[in-house]
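The structure appears right after this line, and notes come after that.
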Amino acid sequence: MAELIPFDDRDGTIWFNGKMMPWRDAQTHILCHGLHYASSVFEGERVYDGRIFKLREHSERLIHSAEILDMKIPYTAKELDDVCNAVVKENGLSYGYVRPVAWRGSEQMAISAQQTTIHVAIACWEVPKYFFPKGGEDQGIALLTSDWRRPDPTTVPVQSKAAGVYMIGTIAKHKADRSGYDDVLMLDYKGRVAESSGSNIFFITKDGGLKTPVPECFLNGITRQTVIQMASEMNIPLEVCTIMPDEINDFVECFVTGTAAEITAVGKIDDKEFPVGPVTKRIQEAYRELVHNPS
Ligand code: PMP
């Protein structure tokens with residue numbers, strides 16, 4: 001196994017509640033509402049050529065994720081944009097990942113927590129220029145259908161990028177890891193195809209069109225929205241619709257989308273294999289072009 005470099009013991013600068021500080025000094029107390037009650041929301045952004053792709057969309061989503069959890073982030077989207085850019089610059093990052101996070105502090109240790117301070121921190125670190133699946137770019141990743149499902153949106157705030165929503169992804173993905181798969185395919189509580197643990201999913205039909213599920217029980221990813229826009233500009237027909245697991249056998253290609261995953265080809269779902277085909281490659285190429293030359 002590759003050596004792990006713990007995230008609390010690195011060099012660099014983190015912005016924490018209004019101040020730049022040395023990486024190792026960005027600490028919070030163990031009696032903090034965010035840790036005990038999952039009152040925490042975060043973002044994941046990618047830096048290309050020293051610029052954060054879709055930064056405003058991410059800053060707005062952080063604010064919106066917090067609002068859904070009844071938390072008011074004490075910064076505007078513009079202020080968050082400025083700080084994210086400053087952190088990237090301070091750390092001299094050209095290709096990397098930015099992680100803004102907001103959480104409730106320590107003033108109250110109870111379910112109701114209206115008097116707690118909302119803390120905000122932003123860190124960033126280097127990641128490879130592009131993400132390639134373990135099996136290599138030609139093969140795509142293997143997904144295992146999980147027993148864990150995306151929940152009814154009236155029971156969990158699924159449109160919030162909230163820490164608590166990720167517990168299902170972590171336990172689902174651990175099983176996939178142990179079974180030799182790269183990630184999971186998650187269905188929703190009604191048994192419809194939903195997404196992966198940290199990315200949205202698209203299929204290509206026999207006639208070359210795209211199909212992707214309706215984001216009712218899962219995050220409507222910024223990359224997903226970007227691909228929908230790109231498909232329209234590239235005149236690739238696209239349908240946002242209910243997809244049942246028994247339809248998967250009829251699709252000819254598949255890929256997942258996410259800020260970290262970018263456009264990652266799927267080579268296999270359970271026993272069904274997919275080639276990394278021409279439509280996936282076209283979209284990958286167009287996305288690569290876009291992140292380097294955003295309009
Ligand atoms: N679904 C989940 C559960 C995710 O964590 C992510 C990554 N944020 C996505 C989808 C894709 O979202 P985005 O394209 O905005 O990164």
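Numbers at a glance
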quantity: Test: residue in segment 233-245 that is under 20 Å from G140 (Cα atoms), away from the ligand (no atom under 14 Å from the Cβ) and of a type in the set (V, I, T); calculated: no
quantity: Selection count where residues are closer than 21 Å to G92 by Cβ and in a loop (DSSP other than H, G, I, E, B), scope segment 44-58; calculated: 4
quantity: Residue in segment 212-223 that is in the same structural domain as Q284 (by TED's automatic domain parsing), among the charged types (D, E, K, R) and either away from the ligand (no atom under 16 Å from the Cβ) or open to solvent by less than 30 Å² (accessible area, probe 1.4 Å) (or both) present; calculated: no
quantity: Criterion (over 19 Å from the mean Cα position of the chain (by Cα) and acidic (D, E)) met by exactly one of D270, D182; calculated: D270
quantity: Matching option when the condition is in contact with a Phe, Trp or Tyr (Cβ under 6 Å, 6 or more places away or on another chain) and over 17 Å from T280 (Cα atoms), among A176, A194; calculated: A194
quantity: Every residue from segment 40-54 that is more than 12 Å from the ligand (Cβ to nearest atom), open to solvent by 10 Å² or more (accessible area, probe 1.4 Å) and touching a strand residue (DSSP E or B) at 6+ places or on another chain (Cβ under 7 Å); calculated: S40, I52
quantity: Extreme residue, nearest to D11 (Cα to Cα), among residues of segment 89-109 that are part of a loop (DSSP other than H, G, I, E, B) and open to solvent by less than 40 Å² (accessible area, probe 1.4 Å); calculated: L93
quantity: Tally of residues being surrounded by fewer than 14 Cβ atoms within 10 Å (Cβ to Cβ) and under 15 Å from S196 (Cβ atoms) across segment 235-271; calculated: 1
quantity: Residues that are acidic (D, E) and exposed (fewer than 12 other Cβ atoms within 10 Å of the Cβ), drawn from segment 110-154; calculated: D138, D147
quantity: Filtered residue count, segment 165-187, keeping only those that are more than 21 Å from N220 (Cα to Cα) and within 11 Å of the ligand (Cβ to nearest atom); calculated: 0
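The values are calculated or read from the model by the stated rules, or taken from the named source; none is laboratory data. Being a predicted model, the structure only gives us computed values, none of them experimental. For neighbour counting, all protein chains shown are included, and Cβ atoms are generated from backbone atoms with ideal geometry for every residue, glycine included. Each accessible area value is taken on the protein alone, full model and side chains, heavy atoms only, with ligands, DNA and RNA left out. Shrake-Rupley method; radii C 1.70, N 1.55, O 1.52, S 1.80 Å.
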